[in-house]
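Contents: one structure, followed by commentary.
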Amino acid sequence: MGEREAEIHAARQRIQELSTSQTRLSRRIATYEATVEELRAAAERREAQYTTIIAQQRNMIAQLSSGLDTARAQAERLGMENTLLADSLTLIDVARNTVYYAVGTESELKDRGLVVSEGSKFLIFGSKTLQPSRDLDPELFIPIDMNTVREIPLPRDDKSYKILTRHNPEFLASNSLFDGQIRESLLIGEPQEFWATSKYLILVQR
């Protein structure tokens with residue numbers, strides 16, 4: 001083989017080696033590209049999954065927030081209803097325990113429309129008795145709480161007083177009566193029983 005042919009042979013071998021290297025490099029590049037594509041696809045899938053998860057979580061947060069707002073509104077409404085109910089019960093309790101009394105002379109009580117004289121007009125010698133009016137106005141009385149007020153002061157210490165209404169004197173305190181008459185003040189021993197007959201008490205000066 002001549003020198004020229006040797007050079008040509010060497011060049012061909014070099015070309016073949018470069019071609020083989022290029023092929024290997026191309027395969028490696030193709031592998032890298034495939035790997036990159038797989039990674040990109042995986043990243044896109046994960047991004048899509050994360051987007052779905054984030055959307056679901058946002059939807060769940062919105063639902064929970066709406067539920068929380070509803071629960072807060074219900075709690076506030078229940079609180080208001082409880083307050084109104086408590087106020088109503090308080091008013092009912094106050095109304096149930098509020099009683100009324102009036103004290104005065106016969107003429108004073110008549111002038112205020114609290115008492116009337118009643119009797120038979122057909123009896124020549126018939127007498128009239130002092131009775132409570134049929135329609136009693138609470139505004140004409142002094143209101144008190146039966147459970148807290150056990151003593152009713154009387155205007156004059158030198159006068160005695162009589163219960164004109166149907167309240168039972170047996171439920172007064174033992175020291176409230178002096179020889180069967182009420183002086184100085186009316187002391188109530190058992191308020192529930194005493195006021196059971198009527199919420200209106202009238203005391204007339206004798």
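Can you tell me which residue is most open to solvent (accessible area, probe 1.4 Å) among those in segment 179-202 that are in a loop (DSSP other than H, G, I, E, B) and at pLDDT below 90? Out of the qualifying residues, it is Asp179.
Entry remark, segment 22-32: residues being among the polar types (S, T, N, Q) and open to solvent by less than 70 Å² (accessible area, probe 1.4 Å) number 2 in total. In segment 57-65, is there at least one residue being at pLDDT below 85, among the polar types (S, T, N, Q) and within 30 Å of Ile188 (Cα to Cα)? The answer is no, given that none of the residues of segment 57-65 is at pLDDT below 85, among the polar types (S, T, N, Q) and within 30 Å of Ile188 (Cα to Cα).
Output the residue which, of all residues in segment 129-178 that are at pLDDT 90 or above, open to solvent by 60 Å² or more (accessible area, probe 1.4 Å) and of a type in the set (A, V, I, L, M, F, W, C), is farthest from the chain's Cα centre (by Cα). Only one residue tops the list, namely Leu140. Of all the criteria given as (1) of a type outside the set (Asp, Glu); (2) touching a residue at least 40 places away in the same chain (Cβ under 8 Å); (3) out of contact with any Gly (no Cβ under 7 Å at 6 or more places or on another chain); (4) open to solvent by less than 50 Å² (accessible area, probe 1.4 Å), the one not satisfied by Gln205 is (3).
The values are calculated or read from the model by the stated rules, or taken from the named source; none is laboratory data. Keep in mind that what you see is a predicted model, and the values were worked out from it rather than measured. All Cβ positions, glycine included, derive from the backbone under ideal geometry; neighbour counts span all protein chains shown. Ligands, DNA and RNA are excluded from the accessible area calculation, which covers all protein heavy atoms including side chains. Shrake-Rupley method; radii C 1.70, N 1.55, O 1.52, S 1.80 Å.
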